[in-house]
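The structure appears right after this line, and notes come after that.
The values are calculated or read from the model by the stated rules, or taken from the named source; none is laboratory data. Model, not experiment: these values are computed from the prediction. Because the Cβ atoms are built from the backbone with ideal geometry, glycine has one as well, and the counts that use them run over all protein chains shown.
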Amino acid sequence: MTGSRSRRTLGLVPARHVVLAVGLASVSAVVACDRVKEAVGGRGDDRPAATTTPHLPSATPTLAPSAPVASTTPRAAPKRLVRVYVAGESIERRVRWVERPFLPDGRLNERGDLRNDDDEYGWAVPFAERLAIRVPDLGVRWVGAERWLGHDDVPYSGTFPSSEAGATSAVSGTSIESWLEKRKGELQRKEHCYDVAIAARGGNDFGSEDASVTSQLSELVRLLASGSRCRPTALVVVTGHMPDDQRGGKGPDGKAYVEQQRHRFVERFRDTAKKLEKEGLRVRFVDLYTPFVENRRTTAFPKEVWSNGGVPEYAKIGRVGDPMHPRRLASIYAGELLADGIDPSEL
C-alpha cells in the first residue's frame, strides 16, 4: 500500500523488565541527531558534528497529586547514549511534540483539554523519554539519512525536546519492499553508526501475502543486523504494528477485523523475528498491537480504555479524519510499550 496511503509503527513489561522507580530529579532522554561528535560508551561516531537536543529545562515546580505538571528540573547529561536507527513508515517519520509526555515518575503528563491532542504524535519521543525514566543514565541519539517531518510530511514544527528534528530513515508510504529499494544501499555501505535498529513495519504491508512479507522482513532484519558501521552485529527490534483502521468503510466488522489485524500485524512479524533469533541473530519482537486490544496497564496508563469488547476504539487511537495515524495518547502508549519491551542490558 503505497502512494497517497502513506503511513508507518509494543505488551506488558516482563518480570525482568520491571520499571525502575525514579524521583523528580530523574534524567530524561537526550535525543540527539545523527552525526553528533561525541563518544558514546567508548564508541564514537566520526561523522561531522551536527546538533544535540538535550532535555534541560530549568526550575522545579511543586507537584500536586490532583493536578500533576511536567517537571522542569534541570537534567544532567546521560553517561551513555544508545544510537537508534529506525526503518519505519510514516508513523515513524512524522513526529511532533510540544510538551513532555511523561512526568518524572513515569505517570502521564495529562495536559488538561489537550490530553489527546491531534497535534502531538509519533512514538519516537515518548520512547526516548520512557527509556530514560527506566535507565536514568541512558540517552538516545537518533540516526538516519533524513529528518523527522510533520503530519502529511509537512516541515517539522515540534519544540520538545527540541526545535531541531531528529534523524530517521523512515519513509512515508513504503512497504517493506519499497523501503528496501530506497534504503538497502545505505545499509550495505554501512553509512550509519547505530547500536539498535527498529524495524517498524506492517502498516503498508497489510494487504501483502504472508510469503512475501516473511521473505522481505527477513532480508530487512539481516541487513539491519549487519548494517552498522560501528557494531559487528546490531540489536534489531521488530515491532507488531499498533491498531489502525484501513477499511475505508469496507471490509470485516468488529472482531473479524481484529483477528485479521492480529495475524497481519503481529503473528507473521513475531514468527519471522523468532525464527531469525533461533538462527543466532540478535532479534527481539515487541508487540504494539495486542496491548491495545487487551487494555493492558502501564505506568502512564493504569486504567486507560483502548478497546471495548476486544475491538479497538479507532477514533481514540487515530487522528481526527485519519484513522491510520496515531494521535497523542496512542503515540505515548506505543512509545512506552516499546521502551518497556526492550531489555536495557542488551543495549
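When the range 294-306 is filtered for residues that are surrounded by fewer than 19 Cβ atoms within 10 Å (Cβ to Cβ) and either closer than 24 Å to residue 205 by Cβ or among the basic types (Lys, Arg) (or both), the ones remaining, listed by number, are 294, 296, 297, 303. Applying the criterion of being in contact with a strand residue (DSSP E or B) (Cβ under 9 Å, 6 or more places away or on another chain) and among the basic types (Lys, Arg) to the residues of the range 132-180, the residue that is nearest to residue 96 (Cα to Cα) is 147. Of the listed requirements (1) modelled with pLDDT of 95 or more; (2) farther than 14 Å from residue 87 by Cα; (3) out of contact with any Phe, Trp or Tyr (no Cβ under 9 Å at 6 or more places or on another chain); (4) of a type outside the set (Lys, Arg), residue 181 misses just one: (2). Based on this model, can you work out whether residue 256 counts as of a type outside the set (Lys, Arg) and more than 20 Å from residue 122 (Cα to Cα)? Here the answer is yes, as residue 256 does meet what is asked. Among the candidates 244, 152, the residue that is acidic (Asp, Glu) and outside any loop (DSSP other than H, G, I, E, B) is uniquely 152.
Determine whether residue 291 is under 25 Å from residue 316 (Cα atoms), surrounded by 22 or more Cβ atoms within 10 Å (Cβ to Cβ) and not charged (D, E, K, R). Here the answer is yes, as residue 291 does meet what is asked. Looking at 280, 249, 227, 207, just one residue is small (Gly, Ala, Ser) and surrounded by 17 or more Cβ atoms within 10 Å (Cβ to Cβ), and that residue is 227. Within the range 179-204, residues that are outside any loop (DSSP other than H, G, I, E, B) sit with their Cβ atoms under 8 Å from residues that are aromatic (Phe, Trp, Tyr) and crowded, with 24+ Cβ neighbours inside 10 Å, at 6+ positions apart or across chains, in these pairs: 192/85; 196/85; 197/85; 198/85. Across the range 308-347, the qualifying residues are those that are assigned to a strand (DSSP E or B) and either out of contact with any strand residue (DSSP E or B) (no Cβ under 8 Å at 6 or more places or on another chain) or β-branched (Val, Ile, Thr) (or both), and the one among them that is surrounded by the most Cβ atoms within 10 Å (Cβ to Cβ) is 312. Filtered by the rule that a residue be among the basic types (Lys, Arg) and buried (at least 21 other Cβ atoms within 10 Å of the Cβ), the range 122-171 gives 130, 134, 141.
Residue by residue through the range 110-145, note down the ones that are outside any loop (DSSP other than H, G, I, E, B) and closer than 12 Å to residue 95 by Cβ. Passing the criteria: 121, 124, 125, 126, 127, 128, 142.
Looking at the range 270-307, which of the residues that are in a helix (DSSP H, G or I) and hydrophobic (A, V, I, L, M, F, W, C) is nearest to residue 199 (Cα to Cα)? Checked the range 270-307; the qualifying residue nearest to residue 199 (Cα to Cα) is 273.
Screening residue 87 on (1) modelled with pLDDT of 95 or more; (2) over 16 Å from the mean Cα position of the chain (by Cα) shows it passes everything except condition (2).
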